[in-house]
């Protein structure tokens with residue numbers, strides 16, 4: 001299976017609720033990144049967390065990284081209908097520079 | 001402040017024809033990456049290029065696919081003798097440099113290739 005597997009594959013919540021997505025990976029990494037993709041569009045970078053960091057915040061986003069478990073989570077607080085999109089984690093392996101390996105994504109639907 | 005520009009947005013080719021996908025990286029970016037995405041799936045790495053150099057093509061099929069990033073002009077992903085299985089969205093991304101791998105990638109909006 002590929003590096004960077006997201007869980008769940010699909011998530012449906014009501015506006016105002018929190019959404020949590022998880023990502024697992026296999027190899028040692030330089031950093032882990034989360035991207036968002038709206039239907040029919042390219043990916044937009046959300047947040048990057050380095051291998052020596054454990055938690056990072058950006059607005060309503062909170063990312064954690066546990067290198068011992070090779071896992072990361074993305075929390076979106078107080079979700080909005082506009083957060084509806086697919087979310088992908090991507091890992092930059094040690095020695096691979098900026099080359100990223102993506103997981104299969106979590107499709108998030110936020111109902112108004 | 002143009003981002004990564006890909007064209008065409010949509011491309012329809014008959015089986016056996018050639019497909020050429022173009023990508024102009026963000027201004028100041030010298031590294032280009034091509035990814036392929038099937039419906040409801042994640043992105044699969046194909047090739048990583050710098051100007052006039054292919055750095056890593058480990059994700060590229062050995063036959064029919066080629067990529068270049070010339071000194072002048074956009075990066076080109078070329079698919080010869082297309083087959084139905086080549087139908088997918090092809091995304092280009094760029095970054096300013098290799099660095100130590102702590103730069104996010106900037107993506108274009110992709111080219112959706114349909115092979116009939």
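The values are calculated or read from the model by the stated rules, or taken from the named source; none is laboratory data. Not measured: the values here are computed from a predicted model. Every residue, glycine as well, gets a Cβ built from its backbone with ideal geometry; the counts of neighbours run over all protein chains shown.
Numerical summary
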item	result
Filter result for the condition that a residue is in contact with a strand residue (DSSP E or B) (Cβ under 6 Å, 6 or more places away or on another chain) and more than 12 Å from chain B (Cβ to nearest Cβ), over A:100, A:61	A:61
Single residue of the stretch A:39-69 satisfying the filter (within 22 Å of residue B:3 (Cα to Cα) and without any contact (Cβ under 8 Å) to a residue 12 or more places away in the chain) that is surrounded by the most Cβ atoms within 10 Å (Cβ to Cβ)	A:42
Qualifying residue in the stretch B:98-110 (condition: more than 14 Å from the chain's Cα centre (by Cα), loosely packed, with under 14 Cβ neighbours inside 10 Å and away from every other protein chain (no Cβ under 14 Å))	no
Subset of the stretch A:95-112 [over 17 Å from the mean Cα position of the chain (by Cα) and part of a loop (DSSP other than H, G, I, E, B)]	A:95, A:96, A:97, A:112
Unique match (being in contact (Cβ under 8 Å) with a residue 12 or more places away in the chain, buried (at least 19 other Cβ atoms within 10 Å of the Cβ) and farther than 30 Å from residue B:113 by Cα) among A:76, A:13	A:76
Meets criteria (modelled with pLDDT of 95 or more and within 14 Å of chain B (Cβ to nearest Cβ)) for residue A:87	yes
Residues that are part of a strand (DSSP E or B), over 14 Å from residue B:111 (Cα atoms) and facing chain A (nearest Cβ under 9 Å), drawn from the stretch B:34-58	B:44, B:45, B:48, B:55, B:56
Residue ID - farthest from residue B:86 (Cα to Cα), chosen from residues in the stretch B:6-22 that are within 11 Å of chain A (Cβ to nearest Cβ) and assigned to a strand (DSSP E or B)	B:6
